[in-house]
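Here the structure is laid out as structure tokens; the discussion comes afterwards.
No value in this document is a laboratory result; all are computed from the given coordinates. Quick caveat, the model's predicted, so the values are computed rather than measured. Cβ atoms come from the backbone with ideal geometry, glycine included; neighbour counts cover every protein chain shown.
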Amino acid sequence: MKAIIMAGGEGSRLRPLTCGRPKPMVPVLNRPVMSHIVELLKEHGITDIGVTLQYMPEAIRDYYANGADYGVNLRYFVEETPLGTAGSVKNAAGFLDETFLVISGDALTDLELSRAVEYHKKQGAIATLVLTRVDCPLEYGVVITDRDGNITQFLEKPGWSEVFSDTVNTGIYVLEPEVLEYFDPGKKFDFSQDLFPLLLKRQKPLFGLVLPGYWCDIGNLQQYLEAHHDALSGKVQIKMPGTEIQPRVWVGDGTLIDPGAVIEGPALIGAGCQIGAGVRVEPLSVLGDNCVLQERGTIKRSVVWSNVYIGENVALRGAVIGSRVKLHSNAGVYEGAVVGDDSIIKENGLLKPDVKLWPHKLVETGATVQKSLIWGTCTPKKYFGIEGVSGLVNVDITPEFAAMLGAAFGSVSGRGARLAVSCDRHTTSLMLKDAVVSGLQSSGAAILDLGVGITPMLRYAVRSLDCQGGVHIKISPQEPGRVTLVFTDSRGANLSRGMERKVENALAREDFARVEAGQIIPPEQVTDLQLDYLSAICADLEMDIVRKMRFKLLLSYDPVNLESFISGLAGELGFLHEVYRPEQAEGGWHAHQEMISDMARAVVTQGVGVGAVLDPNADRLILIDDRGQVIKDDLMVALISLIILKEQRGPVVVPVTAPQTIEALAERYQGKVVRTKTAIPDLFDKILAQEEANGSVYQLLMHFDALSALMKILSYLARQQVTLSELIAEVPNFFTNKREVPVPWETKGRVIRTLIQNSSNERLELLDGIKVFHPDGWALVLPDPEQPVCRVFSEGSTMEIAESLTDMYIEKIGAIAGGKN
């Protein structure tokens, strides 16, 4: 016996799930719904199957091919224009030379098809309609039969006043080929609206058979979720993929589930998934293949398709998530909401109930979506952030993206540009470095491969090896799952915003310069760079004096990245050092900062002269003096400024957030202070502008090279014969405070404008954000370039005043953002 699967449906009521795929290819239990129909036909001995296609026919034909992989024979019949249900089957008339069965390719059912065929033949019917009973027949074709099964009346999608039965047409028919002779080929003709009423009118043997079992017409998003819930609950007899690891919990091959995760059945988890600690997958949830669920995420009554990334603390409640969606930490998607393929919901993004997000959409950090988004793309307006291009490894920053980013940077730099590339020792960074190099080469750049190293080493190499720019790839010190690509210009400085825009525009347009195969330049491997870099650090030091001091240091750092650098400097400068590496500090820079109080006590009890914490790529430095005082952030800026002023090494350059005590120090030592924006390129530019005259990069290294800064401070202590605690005591007391307040992106401009208008009677500084001076201090409001927040910095004559200024501006910002001004 033969069968026809009607698979031409567009599925407009299932959008956005059917954007880019025909309705029969929508997955149910991690397989296209049509696969369940093919399996059902096969179970009933029907393997010779025709498939009618109209919308996106290649998607189905490419997936199933000739059906051999599914144990059936498939033939395809494509409608050039919509022909209706009967018309599409007549399009396959040459294939239908015996009694045949017609079934929809987008329904989920376990009905006994063999019983319908037997009944059809027993009754000598020309057409037999398989019927079922439903609670609400309004969306279906209602059918009335007499006691013998003869159909007596049809009514398509009645109103309640017209409902005369709960028996409806399932769209499953057993037919004789002669039914196709009642209408012309190429004509739009429907079974329920045209052919069956015609056969009834002509008194042909037309029968209906009510079959027990499960049937669900997946016509809308609610029915789509219900079909999953019913299948998981055992209401439909269907083969579940994977292995049942506990009652009604099925898991696919290669899936890794942390022991701290909780999975409550019924639930289905696909193959190749990673389930993190503290994750909760609650009943009636489906997870597709190759999904990643980070720590503490929760999924309830939701359907998640394949290759989805779900970050920490993400909450899904009664939602449907399309393929390749990225849900960043603390995002939430709630009842009835649907997220289309390839969309991105950034940190703290929220989709309200019943919101539909069409494919390729971007929900910005902290945004709440209250109505469906159809237009737009998920291409961000900006790729560069505070330090470079950052994102989650293999989520935001993939090898493909890294190669494109390299091609964009190479294209903007110009053919033949000499560009240095390095990375830290993390496996991920090495992988992405190769991808960046490939992209750069494709644009015709000449690559200097520096191998593994640290950010300051790249900056040094760019300057010393006469490069036009450079790239350093490093794992984020704040979050090991994130990576940052630092791009520099020919001075080793982070790219200007103008240059960043050029790279972003090239990337957005994919407007890359491509050279011919013969013009691709092989990378040049740079050797002994680390020795040269360390020698450059030592060149500006009084090494004999430092050696005689025999400094004792307590250091905390990443040994994988920095051990060779620390050992090399220790050998040159003769300092003794112990490594402070408590177990809880294995998580990187953030963990090191958390244990700083314990380390400060260790500095005092062990009697060492200096303690230092270095971030994994030597970008940041925290010091601890011999009395246990922690020197970081504003106090570190003050310490560096003090040394530069006492050394008479030119004007001190500090960001606008630095305390006013810097000016007090400058006055004491007849120096000058230059204030600049907080952005790294601005600080870099201003320092270079001040130091270019004397050819020195002393102040630059103090701010942007933690190793060099540490060595220069030790050298100063040795020359002046003072301890670090004695030196830091020269810095006048100051009291600063900083906090952040959530501000939607679209409100930031209004917040700053209103603050300026309302502060017209105060002394203002608009160098970066708005800085308002008060009698006993100042407050600075600075919109964050990467997150929907404003940061408030303040300084007061006492800590109480500093905190009160912060509180006052937090309250003002909240009132303005909330529409009260």
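Key figures for this structure:
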item	result
Hydrodynamic radius (Kirkwood) for segment 320-411, which is based on Cα pairs only, to one decimal in Å	13.9 Å
Overall dimensions of segment 260-346 by Cα: Rg and Dmax, Å	10.9, 30
Helix 748-758 vs. the chain, principal-axis angle (Cα, 0 to 90°, nearest 10)	50 degrees
Mean projected area in nm² (Cα convex hull; one quarter of hull surface) for segment 150-304	13.1 nm²
Charge dipole (debye, nearest 20) of segment 148-303; +1 at Cβ of Lys and Arg, -1 at Cβ of Asp and Glu	220 debye
Calculated diffusion of the chain, Stokes-Einstein form, Kirkwood radius summed over Cα pairs, 37 °C and 0.692 mPa s, µm²/s	105 µm²/s
Rounded tilt (10° steps) of 33-43 against the dominant C-alpha axis of the chain	40 degrees
Modelled FRET efficiency - R0 45 Å, VAL674 with GLN525, Cβ distances, 0.05 increments	0.65
Loop-located GluC sites (Glu not before Pro) in segment 2-85 whose Cβ has at most 15 other Cβ within 10 Å (DSSP)	GLU10, GLU80
Over segment 635-703: Kirkwood hydrodynamic radius from C-alpha pairwise inverse distances, Å	11.8 Å
Segment 168-259 - Debye-derived log10 I(q)/I(0), Cα point model, q = 0.19, 0.20, 0.25 Å⁻¹	-1.01, -1.06, -1.30
With 10 Å bins from 0: P(r) over segment 639-791, alpha-carbon pairs, percent	10, 33, 33, 19, 6, 0
In nm, spacing of pseudo-spin labels at ASP776 and PHE95 (7 Å Cα→C-beta vector)	8.6 nm
Nearest 10 degrees, 0 to 90: helix 497-509 Cα axis against the chain principal axis	20 degrees
Segment 379-423 - Kirkwood radius from inverse mean 1/r over Cα pairs (Å)	11.9 Å
Helical contribution to [θ] at 222 nm, DSSP H n ≥ 4, -39,500 (n - 2.57), averaged over the chain, rounded to 500	-9000 deg cm²/dmol
For segment 1-125, the spread of Cα positions along each principal axis, largest first, Å	44, 32, 28
Added length on full extension, which subtracts the Cα-Cα distance from 0.36 nm per residue, MET1 to ILE756	263.7 nm
Only Lys, Arg (+1) and Asp, Glu (-1) charged, at Cβ; the chain dipole about Cα centre in debye	1100 debye
Antiparallel %, DSSP beta bridges [both residues in segment 191-305], to 5	15 percent
Approximate spin-label separation GLU786-ARG581, in nm, with each point projected 7 Å along Cα-to-Cβ	2.8 nm
Bridge type composition, the chain - antiparallel percent by DSSP, nearest 5	45 percent
Where N is the number of residues in segment 227-281, Cα Rg divided by 2.2 N^0.38 Å	1.12
DSSP bridge orientation in segment 368-454 - percent antiparallel, rounded to nearest 5	10 percent
Cβ-placed point charges (K, R +1; D, E -1), dipole of segment 271-424 about Cα centre in debye, nearest 20	360 debye
Long-range Cα-Cα pairs in segment 729-793 (distance over 19 Å), rounded percent	37 percent
Computed FRET value (nearest 0.05) for TRP745 with ARG497, which takes r as the C-beta separation and R₀ as 25 Å	0.90
Using θ = phi - 60° and Karplus 6.51 cos²θ - 1.76 cosθ + 1.60, couplings along segment 49-54 (whole Hz; Gly, Pro as x)	10, x, 10, 8, 10, 8
Per DSSP, loop trypsin sites (Lys or Arg not before Pro) in segment 629-664 with at most 16 further Cβ within 10 Å	LYS632
FRET efficiency estimate (nearest 0.05) - Cβ-Cβ, LEU688 to ASP449, R0 22 angstrom	0.25
Distance histogram for segment 466-596 (every C-alpha pair counted, 5 angstrom bins, percent rounded to whole numbers)	2, 7, 11, 14, 15, 15, 14, 10, 6, 4, 3, 0
